Structures are given as structure tokens and as C-alpha cells.
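The values are calculated or read from the model by the stated rules, or taken from the named source; none is laboratory data. Being a predicted model, the structure only gives us computed values, none of them experimental. So basically every Cβ, Gly included, is an ideal-geometry build from the backbone, and we count neighbours across all protein chains shown.
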Amino acid sequence: MGKKKQRPLPQELNLPAGGADSHVHLDMGHLSHTLDQVLARAGSCGVSTLGHVFLGPESYRRGEKNFSGYDQVFFILGVHPHDARNFSRDDASDIIEHAGKDKKIRAVGEIGLDFFYEHSLPQEQIQAFRTQLDSARQMSMPVVIHSRDAYPETVSILMDMGLKDYPVLWHCFGQGPEQAREIISLGWHISIPGSVTYKKNTMLREAVKTIDPDRLLLETDCPFLAPEPYRGKENEPALLGFTALQVAQIKNMRAEELWIQCGANCRRFFNIADTLPWH
């Protein structure tokens, strides 16, 4: 029997510092128990900026101290549509209060609609979504969108609330070229996950062709959606380079150019200066 083919190591991609993982859940799976190693591996693979998502004010209060000293990590805070059934005005007030005190909170998210799972009723999701969009607008803060099986409804609400040309990021984009073109035409941004590397996902690869490079971000959504050749494994920021390579090939760009461009796009979208720390 021949030897089993070895997966390439992410460090072997030799991508430079300056990349950005716009959407991570570092408090899930094994990642939370090995944060030092996870972030060290990310840095060794050129990931210089990471957007950690706190799924609600209680999650933030419980976990924000775990990131003390990690200046490469910024925060995204919001109530996920799965949890909309428990959403209250107090949550909206808490998000505003925390964002006012902590400069590492750079956006409200991930918020939106999920009509695939419907862990919360559609009307509960819509109410939570609208309330948090209003909070973000009050603070002039970017918004990170979760939308699954609810694309037209999500766009309709954003437009109804006057958010055309507002800093809106479509997280974990999984739609086709028509939707990508519409999102870009409305002045918003799109973040591409590791699923773009999956063989059967031709629709997403076609969509990537239509996205302006200056509106394009990359994400792992770790610990979910590990890219090929690590599909099925626990995802982590160090694997972001495999997504970048696929997107660069689609866009007919050099991998290093795409990597640096998407990193700069991320920092610009979230209003993150190149000078850290945050205070």
C-alpha cells in the first residue's frame, strides 16, 4: 500500500503578515482551551487581525477578559437570530453600554435572520434584528449580518431602515452571483468562508468572480467550515490561507496581493488603525 497523502501545512503557504480573519468564534470547541497556541499559529501563518464574535452581552461579560493582551483581536457583539426568542430591550441597552466602554468592540453582529433552523420564530428574529440595527445606527457602528434562507427578507429590512451604503458586512456568504452583485451595488461588503474551496460549491465560486476586490473580506467562521484540505476538521484562523488561495485563483490575483488587500479591507471596514494597542 502507498503512503497516505499528507496535507500541506498552512505555514507552508508562506503568506505574509497583514492578513485578517474577519469572523471567528474562539470561545467554541477546543479553541478556547488553547487560545495561546491558536493565536500563535495564526500569527505564524500571516493572520495579523481577528474579529472575535461574542454571541450576546452575557457571553461578552463572561469572556472578554480571556482576550486581555491579545491586541490582534477585536470584538463583534450582538444577539444571534437563534437566540432572538430571549432577546430584550435590556440586551440592546447592554450592547450600547459595552460598546461605549470597550474600544475593542468594533461592530454589532452577528445579527440577522435564520429561517433554515428557526430556533426562534421569524417575528422574534425580525424584531431583534431591527432593534439591533437601530442600536448600531445610533452608535454609527458597522453591522455584521447572518442570513440563512432569508436573503430577500434581510435585504428588505436593511433597505427599509435606510442602510443602503451603510457599513454592512455579509458574513459567511453562501449565495450566488446575482445576490453578490446586488449586495455590492447597495454599498455593502462580503466575507468569504472556507466553503468556497469545496468541490461542489461552484455557485459560490461564480459569485466570488463578481465581487469588487475592495469589498471583499475573508473569514474562517471557526471552529466551523474548515477549508480543503482540512474539511471535516476543527477550523482555526491558521487555515485561512487555503481560502485565500482559492479566492485569489478565482480572481486571477497573486495570493499575496489578495491576502494583503482583504486584510486591509477588514481593518478599514471595522475602523481599526494599524497602530495598536487599543487604548
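Brief remarks on what is shown
- Residue in region 126-144 that is assigned to a helix (DSSP H, G or I), closer than 22 Å to residue 221 by Cβ and touching a His at 6+ places or on another chain (Cβ under 6 Å) present: no
- Looking only at region 46-69, and only at residues there that are more than 22 Å from residue 142 (Cα to Cα), more than 18 Å from the chain's Cα centre (by Cα) and not polar (S, T, N, Q), the one that is surrounded by the most Cβ atoms within 10 Å (Cβ to Cβ): 62
- Filter result for residue 19 (modelled with pLDDT of 95 or more, touching a helix residue (DSSP H, G or I) at 6+ places or on another chain (Cβ under 6 Å) and not charged (D, E, K, R)): yes
- Filter result (among the small types (Gly, Ala, Ser), free of Cβ contacts under 8 Å to residues at least 60 places away in the same chain and crowded, with 24+ Cβ neighbours inside 10 Å) within region 181-224: 194, 207
- Residue in region 188-201 that is more than 29 Å from residue 32 (Cβ to Cβ) and either in a strand (DSSP E or B) or in contact with a strand residue (DSSP E or B) (Cβ under 7 Å, 6 or more places away or on another chain) (or both) present: yes
- Among all positions in region 241-249, there is at least one residue which is touching a residue at least 40 places away in the same chain (Cβ under 8 Å), hydroxyl-bearing (Ser, Thr, Tyr) and crowded, with 24+ Cβ neighbours inside 10 Å.
Conditions (1) at pLDDT 95 or above; (2) of a type in the set (D, E, K, R); (3) surrounded by 22 or more Cβ atoms within 10 Å (Cβ to Cβ); (4) on the phi > 0 side of the Ramachandran plot, marked per residue:
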{"residue": "83", "(1), (2), (3), (4)": "yes, yes, no, no"}
{"residue": "107", "(1), (2), (3), (4)": "yes, no, yes, no"}
{"residue": "110", "(1), (2), (3), (4)": "yes, yes, yes, no"}
{"residue": "114", "(1), (2), (3), (4)": "yes, yes, no, no"}
{"residue": "117", "(1), (2), (3), (4)": "no, no, no, no"}
{"residue": "120", "(1), (2), (3), (4)": "no, no, yes, no"}
{"residue": "125", "(1), (2), (3), (4)": "yes, no, yes, no"}
{"residue": "132", "(1), (2), (3), (4)": "yes, no, yes, no"}
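- Meets criteria (free of Cβ contacts under 8 Å to residues at least 40 places away in the same chain and either surrounded by fewer than 22 Cβ atoms within 10 Å (Cβ to Cβ) or within 27 Å of residue 35 (Cα to Cα) (or both)) for residue 227: yes
- Meets criteria (modelled with pLDDT of 95 or more and in contact with a strand residue (DSSP E or B) (Cβ under 7 Å, 6 or more places away or on another chain)) for residue 234: no
- Selection of first residues in region 96-122 that are under 26 Å from residue 67 (Cβ atoms) and without any contact (Cβ under 8 Å) to a residue 40 or more places away in the chain and of second residues that are part of a strand (DSSP E or B) and small (Gly, Ala, Ser), restricted to Cβ pairs under 9 Å at least 6 apart or on distinct chains, gives the following pairs, ordered by first then second residue: 108/78; 111/78.
- Some residue of region 25-37 being buried (at least 18 other Cβ atoms within 10 Å of the Cβ) and of a type in the set (Val, Ile, Thr): no
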